[in-house]
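The values are calculated or read from the model by the stated rules, or taken from the named source; none is laboratory data. Here the structure is a predicted model, which is why all the values come from computation and not from measurement. Don't worry about glycine lacking a Cβ; one is built from the backbone with ideal geometry, like all the others, and counts go over all protein chains shown.
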Amino acid sequence: MLSSSCATTPCAFLYQNQPLYMVEAHTLNIPNGKRHSWKTKGCSSTSNIDHLNFSICEDLPCLTQCHSPSSSPVNMDGSNNVILDETDLSNQHINSTTVGCWVQSCSDVHEVKKLHAVVYRRMKDPVAYVYNNFISMYARFGELVAARRVLDNMLQRNVVSWTAMLNGYQRHGLVDETLKLFLEFVNCGLHGNAQTYVCVLNLCGRTFNYELGRQLHASAVKNQVSNSILDCTILHFYARCGDLGSSFEVFDRMQNRDLVAWTTMITVCSQHGRGQEAFALLSQMLSEGLDLNEFTVCSVLNACGEEKELRFGEQLHATVVKKAYDMDVYVGTALVDLYAKCGKIEDSRTIFGGMKRRNAITWNSVIAGYARNNLGEDAIGLFRVMKRLRVPADSSTMVSILRACGLLKALSTGKEVHAQIFKNFEPSNIFIGSALVWLYCKCGDYASASKVLQNLPDKDVVSWTAMISGCARLGHEHEALEYLKEMLGEGVKPNPFTYSSALKACANLESIRQGELIHSTLNKTPSLSNVFVGSALVHMYSKCGHLSEAAQVFDSMPERNKVTWKAMIVAYAKNGHCGEALKLMYRMQDECIEVDDFILSTVLTCCGDFKWEKEESPSSENCLQP
């Protein structure tokens with residue numbers, strides 16, 4: 001459906017490929033979710049921000065008139081086709097309105113160039129509107145040099161002229177050119193319209209330019225430039241930059257929250273792991289009388305997968321089938337991913353098999369599901385089918401297959417995949433590089449893992465951690481600590497898993513000095529309260545024979561898991577502190593944590609002849625249960 005309107009600023013043309021179906025609120029049992037408090041506001045139109053396209057329209061009757069049979073200036077034979085033959089054009093009266101309709105009706109860049117040549121010869125000093133349309137169409141067809149030449153040769157440029165060129169640069173990913181042109185636009189003293197802000201804010205979100213985006217937001221507020229599209233762009237920008245608080249503030253202040261705004265906010269929560277807030281937003285949206293569309297369904301299904309809300313996901317699946325949304329490839333892909341993440345891999349494969357259309361993401365979801373559920377052979381088998389059908393693989397596909405190879409310790413298959421990656425992908429891809437490091441470490445090939453890491457131009461915490469963890473597991477403890485030192489030297493901040501792996505290396509080396517240095521670093525970070533880091537510290541100190549420090553760490557931990565208890569009890573038992581070991585075993589049982597066979601056998605082996613002092617002996621009701 002095409003909706004358009006014409007004004008002195010660019011019109012927003014809203015494309016919607018599929019009809020919106022009605023979903024009754026009472027048919028969905030939405031999980032309770034928590035989110036920030038906000039006021040309930042009214043909602044208006046139903047549209048979707050992902051299908052917004054912009055076209056230039058200025059001082060002109062609506063384009064629907066230009067394309068109507070009664071008003072078409074271009075057809076002599078009763079058809080609606082644009083006549084672009086130069087001889088015919090030379091015999092027709094040309095005005096700005098006619099040219100505007102012709103330009104926007106061009107189907108390729110050759111028609112645009114031919115029409116541009118005729119206008120250059122036939123029209124004396126065309127109005128800015130004509131040039132704006134040429135800029136827009138040249139940019140649409142990727143002829144950015146020609147578009148910029150038109151802009152530079154204009155005697156009078158208005159905000160639409162600049163915005164059309166900015167939009168062209170931004171759509172084609174030319175970041176530097178967009179920012180330079182925007183700076184030039186600002187220096188000319190012009191104020192942007194809503195589309196100008198949308199264009200540059202999209203760029204800021206994609207490049208994570210938080211400061212410029214905040215300044216643009218402030219400028220839009222100051223100049224009182226606002227519409228629903230701009231508001232959604234602003235909240236999406238803040239979400240891309242990780243500032244969800246500001247996204248919620250923008251959302252709460254919106255006067256008319258339509259389906260686009262609600263869906264954008266639900267998607268933001270889903271993508272940032274805040275599924276419960278996504279469910280709360282969905283509940284509020286339905287209570288205000290709005291209905292789900294395909295895009296909302298996809299976002300909620302993704303949240304269900306992340307939160308493992310299988311029951312609600314199944315209810316939503318029933319609604320999807322009832323409303324025929326399952327014919328949509330994106331909804332089908334979201335369902336495949338939901339069941340795979342919830343461990344229902346057979347249901348995931350059934351939905352996958354029943355889909356009439358699939359894209360690369362659909363294949364990735366099933367392959368990743370197999371790998372995540374330790375079904376490496378199935379993942380590799382499906383990948384081979386994917387290759388035979390010539391479905392293009394992306395970086396997510398390769399990461400999942402490398403994971404499957406690592407689970408199977410299939411080094412030869414992993415090397416085959418690595419060869420394909422070398423041939424078809426950028427060697428600097430950090431996700432693939434980290435997965436390759438993990439694969440080689442998992443398969444015991446330390447040399448290849450080290451080589452892959454060193455060839456990565458930009459190493460992140462994941463790639464460093466994969467290498468440090470692999471070294472600690474493969475017995476290369478000294479190398480693990482050297483990699484940690486190198487990582488810190490490059491300014492990359494370790495995460496809790498990095499520290500845990502490094503502490504494991506210290507424990508294996510029984511290097512108390514290195515362990516204490518890491519502990520002192522941890523005291524300055526939030527990672528100290530992490531249960532895995534605490535367990536690694538207990539294990540490191542106990543392995544090095546420093547039981548008092550181990551006990552101090554153990555007692556100060558805000559949360560303990562089974563590994564923590566095991567490390568402390570076994571340390572006491574192996575160092576002859578049988579009374580303390582047995583006391584901890586009773587405490588462990590009192591806190592409803594199972595005392596497994598390993599702990600019990602270790603304590604019995606080390607403390608089999610231990611006798612309680614009368615005053616220390618536990619009461620009969622506290623005896624360990626088998």
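Computed values, structure above
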| item | result |
| --- | --- |
| Tally, over segment 349-388, of residues that are buried (at least 21 other Cβ atoms within 10 Å of the Cβ) and either out of contact with any helix residue (DSSP H, G or I) (no Cβ under 6 Å at 6 or more places or on another chain) or at positive phi (or both) | 0 |
| Residue match in segment 130-149 (condition: more than 36 Å from the chain's Cα centre (by Cα) and within 18 Å of HIS172 (Cα to Cα)) | yes |
| Within segment 427-462, considering residues that are among the hydroxyl-bearing types (Ser, Thr, Tyr) and crowded, with 23+ Cβ neighbours inside 10 Å, the one nearest to the chain's Cα centre (by Cα) | SER434 |
| Among the candidates LEU244, LEU286, LEU282, LEU230, residue that is touching a residue at least 60 places away in the same chain (Cβ under 8 Å), surrounded by fewer than 23 Cβ atoms within 10 Å (Cβ to Cβ) and hydrophobic (A, V, I, L, M, F, W, C) | LEU286 |
| Count of residues meeting criterion [closer than 17 Å to ILE351 by Cα and not in a helix (DSSP H, G or I)] in segment 297-327 | 2 |
| Some residue of segment 414-433 being assigned to a helix (DSSP H, G or I), in the same structural domain as LEU503 (by TED's automatic domain parsing), touching a Leu at 6+ places or on another chain (Cβ under 9 Å) and modelled with pLDDT of 90 or more | no |
| Evaluation of GLY475 against (1) small (Gly, Ala, Ser); (2) farther than 24 Å from CYS443 by Cβ; (3) surrounded by fewer than 21 Cβ atoms within 10 Å (Cβ to Cβ) (one fails), failing number | (2) |
| Considering residues of segment 466-495 that are part of a helix (DSSP H, G or I) and among the basic types (Lys, Arg) only, the residue farthest from LEU537 (Cα to Cα) | LYS485 |
| Looking only at segment 557-599, and only at residues there that are hydrophobic (A, V, I, L, M, F, W, C), more than 19 Å from PHE532 (Cα to Cα) and surrounded by fewer than 18 Cβ atoms within 10 Å (Cβ to Cβ), the one that is farthest from the chain's Cα centre (by Cα) | PHE598 |
| Residues located in segment 215-225, provided they are surrounded by 16 or more Cβ atoms within 10 Å (Cβ to Cβ) and either over 19 Å from LEU166 (Cα atoms) or touching a Leu at 6+ places or on another chain (Cβ under 7 Å) (or both) | LEU216, ALA220 |
| Residue in segment 355-372 that is farther than 28 Å from GLY433 by Cα, part of a loop (DSSP other than H, G, I, E, B), in contact with a Ser or Thr (Cβ under 7 Å, 6 or more places away or on another chain) and not acidic (Asp, Glu) present | yes |
| Yes/no for ALA536 being of a type in the set (Gly, Ala, Ser) and either more than 25 Å from ILE518 (Cα to Cα) or more than 39 Å from the chain's Cα centre (by Cα) (or both) | no |
